[in-house]
1. Rounded to the nearest 10 degrees, what's the angle between the helix A:111-120 long axis and the longest principal axis of chain A, both from Cα atoms, 0 to 90?
2. With r as the distance between the Cβ atoms of A:Arg230 and A:Glu502 and R0 = 35 Å, compute the FRET efficiency 1/(1 + (r/R0)^6) and round to 0.05.
3. Using modelled amide H (1.01 Å from N, peptide plane; none on Pro or chain starts), what sits under 5 Å from the amide H of A:Val428, excluding residues fewer than 5 places away?
4. State the answer as a single residue: which of A:Thr352, A:Met404, A:Gly558 lies farthest towards the positive end of the charge dipole of chain A, with beta carbon charges of +1 for Lys and Arg and -1 for Asp and Glu, about the Cα centre.
5. Structure shown: which of A:Lys33/A:Lys718; A:Lys737/A:Lys838; A:Lys285/A:Lys475; A:Lys587/A:Lys616 lie over 20 Å apart, alpha-carbon to alpha-carbon?
6. Whole-Hz ³J(HN,Hα) for each residue in segment A:746-752, computed from phi via Karplus 6.51 cos²θ - 1.76 cosθ + 1.60 with θ = phi - 60°, x for glycine and proline: what do you get?
7. Check cross-link reach from A:Lys688 to the lysines: straight Cα distance under 19 Å, and skip same-chain residues fewer than eight apart.
8. If packing is taken as the average count of other Cβ atoms within 10 Å, what order do A:541-549, A:707-715 fall into, highest mean first?
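No value in this document is a laboratory result; all are computed from the given coordinates. Nothing here was measured: the structure is a model prediction, and the numbers come from that model. Glycine gets a Cβ as well: all are built from the backbone with ideal geometry, and neighbour counts include every protein chain shown.
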Amino acid sequence: MRDAAFAIHSTPPQILAMAERRKQFPFDEFEPKWQRHWEENKTFSVPNPGEADFDPSKPKYYVLDMFPYPSGAGLHVGHPEGYTATDIITRYKRMNGFNVLHPMGWDAFGLPAEQHAIKTGEHPRINTENNTNNFRRQLKSLGFAYDWDREVNTTDPAYVKWTQWIFLQLYHSYFCEEEQKAKPISELEAQGLSREEIDNRRLAYVAETPVNWSPDLGTVLANEEVEEWRAKGHTVERRPLRQWMLRITAYAQRLIDELDGLDWPTGIKLLQTNWIGRSEGASVKFQVSSARSEGLETENLNLETLEEVEVFTTRPDTLFGATYMVLAPEHPLVEQITTEEQKEAVAEYQKTCAGKSDLERTELAKEKSGVFTGGYAINPVNDEKIPVWIADYVMMSYGTGAIMAVPAHDERDHEFAEKFGIEIIEVVQAPEGTEEKCFTGNGTAVNSGFLNGLSTSEAKEKITTWLEEKGLGKKTINFKLRDWLFSRQRYWGEPFPIVWKEGNHEALPESELPVLAPELDDYKPTGTPEPLLSKATEWVDLGDGVKRETNTMPQWGGSCWYYLRYCDAQNPNAPIGKEAEEYWMGKNGNPGGVDLYIGGTEHAVLHLLYARFWHKVLFDLGHVSTPEPFQKLVNQGLIMGEDGQKMSKSRGNVVNPDDVVDLYGADSLRLYEMFMGPLEQVKPWSMKGVEGVFRFLARVWRLVMDTNQEGEWELRSKLAESEPNKSTNKVVHATIKKVGEDIESMSFNTAISQMMVCTNELTKLEEIPVSSVVTLLHLLNPFAPHLTEELNASLAEKFDSIPNEPLADQAWPEFDEDCLLEDEIEIVLQVNGKVRDKISVPAEASKEEVEEAALASERVQSFIDGLTVRKVIVVPGRLVNVVAN
RNA sequence: GCCGACAUGGCGGAAUCGGUAGACGCAACGGACUUAAAAUCCGUUGAGCUUUGCUCGUGUGGGUUCAAGUCCCACUGUCGGUACCA
């Protein structure tokens, strides 16, 4: 997936200079060696149900990384942060007897490859392949435990086929409101609906809509993408275009409700909920004069010439205070309503607005603007004539594109009314003590006829019922979420499996998938909204007036379902086989299939929302067995530059992982990324910090290895097959306990510090028990797999008690609670909450005994001398607090 | 403006349920080893003071409690998201 754009980098010389090349242990020899070992032995390949070697007795665990967009810049240090975390979990779960699925792949469609193709004339596939190879090399050099047999690439024809297949599932489905789920379109056909009626209900449909069009990129862009490309100097303008849309709004309610059962950060849940933006209110119908009905300007209304405008409001209780109405400048009724005198001003204003993007409209939002249309609306509650304005603070794309304006109780309306001298009528009395110029809270209805005296919530209810009875309105729920604009005019994306016949779209049969784009002579944009693929006239024209759809899908298409493909990556007959889907994605009593998903927050309302939508459609249609794709989500925090600023080429603070691996080895990079601080936190890079963990790994190495006279590495003479003593056992078992618990809670930094403590203890010993060392190597293995495997292999060669088997294939150590018990416990003695002394008592001492010992303390006595002891608080195993005055 | 997250030594951070604030690492300083340096090893390192010890100390101000980094109220600052959504 694309992340905040990172430019090409290599670590700047000043940072490299800090790290002179010192190899305290030969990581450059054993790291590639173990990587080769894992690759040749397919150590981390995991079989599917039904395959040889599949062990059904083991529980499954699916650990997923957000797959990268293989940019030309290569990995940056942010990638290995999340990847190391999932890798530790993977290795830990494997050692704990799970079948672990931990795959990697490439989100490889996208504009940068196409930009490269425009420049060089080279097919984007070649550039993509080069970049992918580089990314794969980099990831392998970090020793991640991926099952590379399951590698997927969204641009692979075998993958494109199933992305298109899923699009067709959307195309062939509609959303059944009663059952709140997707159902086959064939049901509507059976009901005898017309072609048009059916097309209007498909989950994938064609509509004319205003979009962000960039002439020099030659494509439309999602709202979220506009800023990024503008910053790179491209122009983006708004214009209406006919586009493919996906009906994600049908799922708005479920996308909110079903977040409930997910183990996601509350911030992300909130972000999605706000993005979907549910608001409850009422729609109200207003009669509006049209330009032809001069009558409205007088007292004599000519009802025959009235138009009807519907508005949405969350405050129907303020209807009596609606003193004007505003239509969005693009509202279709504006033309009919505008009077002859106002025509010129209105047209002028519309023109100004049309040239602005949403963004510009917002930037200029400080000052309200608008124009009176000359038309009037009738307030249905009191038959008052209210002026109709157009203003760009009303958006065509939300609600009905029209509002009733209540200047007394809405800040925007208030500002507007003040500027243009429109009447302001108070209809909600604020509670005592509230002094606001424009009260927007809940209060008591006043000046509101039959609503007077009611509380805001009662008034809302009463007016809504009243409107419904009169047929003037009804209770309505509105969502901010818009349907998903799903087509792009670029080349490097999946073509739609659609053809056009006599102005109608038609799906290609499954047998014709994948539909692949033809080679082009040049990849330059057409300069018009005509998609690039339209240049391939032979490919487009299928004869008999049948033409191919020339738009392509956005990058999000491939990333919406890649986690499913990993489960059954080679399946030629389906996107995912039933048995594989049920095993890896299947129910464990959880709504989500993937057990752990780690990635950045930048996809909170993009990929993570889109993927949930597709998954729900597939669930409704019976293709997957859980309603949600991702059970547990964790966001890793951004890694800042050494200067505390965001890493960027222009600041010269970018760190290239290749350089770090070169200087300190992959294990050091992995360990440092985990030792920096809590995974989810934003934190600055420090080359000195890398050196710190490098020194720790060197200490672990020297715990086992020593140089002989010839300067060769050999096992240390202090190692012995002896029984560890009590205190050694205590620290080792405490480490087993803490590291296990910390991995489970993803507190990797504290797990590492405990292993540092343990290493320091073992280093001090005159005779080092190999069993303790090997236990430490097990614990450290998920973090620093190369070093630990190498040391373990060396030990196994010499000592018979050590199994000659890679750590990755061994079980996670268990701790013995008895080893953690102490004979004597240190008790802190406080007087009035201040620490005054520390005593040692037997572990089994009773409360009374501890209290007695505490009061016997000379130091305590000296502090309570002359005072009366009021209370003695004994916290078993911890402290005694003597309260005296 | 709104929403969210965060605030602890010179720095990154630790502190499970309210119970010894500063684990672990970095940096700094002192020592050992060395002809010397690097590496390594050992030690010191929150601040202040009248230094066997005492006082202060987790953004600010208040509160609850025998006891507050942790809980409650109010505020300030930093970062992130979002923005005329009726």
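1. With both axes taken from Cα atoms, the answer is about 90 degrees.
2. Numbers: r = 39 Å, r/R0 = 1.12.
That gives a FRET efficiency of 0.35.
3. Placed amide hydrogens put A:Val446 under 5 Å from A:Val428.
4. Checking the options against the dipole of chain A, the answer is A:Thr352.
5. Numbers: A:Lys33/A:Lys718 27 Å; A:Lys737/A:Lys838 27 Å; A:Lys285/A:Lys475 12 Å; A:Lys587/A:Lys616 15 Å.
As for pairs spanning more than 20 Å Cα to Cα, those are A:Lys33/A:Lys718; A:Lys737/A:Lys838.
6. Ordered by residue, 3J(HN,Hα) equals 6, 9, 5, 4, 7, 4, 5 Hz.
7. A:Lys23, A:Lys646
8. Numbers: A:541-549: 13.4, A:707-715: 9.9.
Those peptides, ordered most packed to least, come out A:541-549, A:707-715.
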